Amino acid sequence: MAHELQPIMPTAVGIVPERRWTNPKGVTNKTSNVMLIRDTHLLMAALGALQLLAKKADVWDESIDKLQKDVLAIIEEQNDSRQKREDMLQQIVRTIAKVEVMQHGFAKTEESFARLDGQVTTFKEVQDQRHMSLTTSLGQVQNRTDAQDASIARFQEAFRAAVDREARADLVEKRKRTEAEVEVALVRRSIEKLRWDEDQKTIQLRNE
């Protein structure tokens with residue numbers, strides 16, 4: 001473990017020049033340049049990584065909050081625009097209904113007052129022009145409504161894509177963090193095993 005850790009974190013590995021011990025047969029053995037892992041260095045490195053992840057998490061939370069506020073503002077604006085369109089359409093429908101009622105009344109007036117045929121004809125021409133102008137205005141309003149709906153649809157697609165990218169980036173960060181935690185756990189487990197082996201050897205030496 002110490003050999004594998006040294007290229008990655010050289011300061012986390014210490015070297016003991018010489019280590020002596022006696023085996024059960026009474027033979028003294030010696031090992032030179034024994035590598036030991038410093039627990040405190042690993043703990044500080046893990047703490048630093050945890051602080052870095054916490055700082056990044058704060059930035060992610062701020063981005064999500066800002067995005068939620070923007071989405072709420074957009075939804076509110078969409079609702080307002082939808083309400084305005086509905087009010088405008090209602091006004092147009094009422095105007096068209098009034099025009100149709102007036103045309104019906106003028107038709108009855110024409111049947112009742114034949115002598116006013118010329119005046120009624122002129123009035124009908126004016127009404128037809130107004131109706132055409134109103135129809136043109138309605139078409140323009142419909143075109144603007146369609147353009148606004150298309151713009152909203154494009155924004156929704158861009159927003160979904162941004163959310164998907166953010167979600168994928170978040171999953172990648174979570175996976176990296178999980179892998180780092182697993183590696184730290186394995187290192188700790190190896191350290192505890194080495195420490196336990198050393199303790200067992202020390203106990204055996206004392207018993208002898």
Residue that is assigned to a loop (DSSP other than H, G, I, E, B) and either within 41 Å of the chain's Cα centre (by Cα) or modelled with pLDDT under 85 (or both), where the choices are P7, P17 = P7
Residue list for region 165-208, filter: part of a helix (DSSP H, G or I), over 22 Å from K55 (Cα atoms) and charged (D, E, K, R) | R188, R189, E192, K193, R195, D197, E198, D199, K201, R206
(1) at pLDDT below 80; (2) within 30 Å of P24 (Cβ to Cβ); (3) of a type in the set (G, A, S) all hold for S190 apart from (1)
D128 being surrounded by 10 or more Cβ atoms within 10 Å (Cβ to Cβ), modelled with pLDDT of 85 or more and among the acidic types (D, E) = yes
Could you list, in sequence order, all residues of region 164-208 that are in contact (Cβ under 8 Å) with a residue 40 or more places away in the chain and closer than 30 Å to K56 by Cα?
-> E166, D170, E173, R177, A180, V184, V187, R188, S190, I191
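The values are calculated or read from the model by the stated rules, or taken from the named source; none is laboratory data. What you see is a predicted model, and the numbers here were worked out from it, not measured in a lab. Cβ sites come from the backbone with ideal geometry, for glycine too, and all protein chains shown count toward neighbours.
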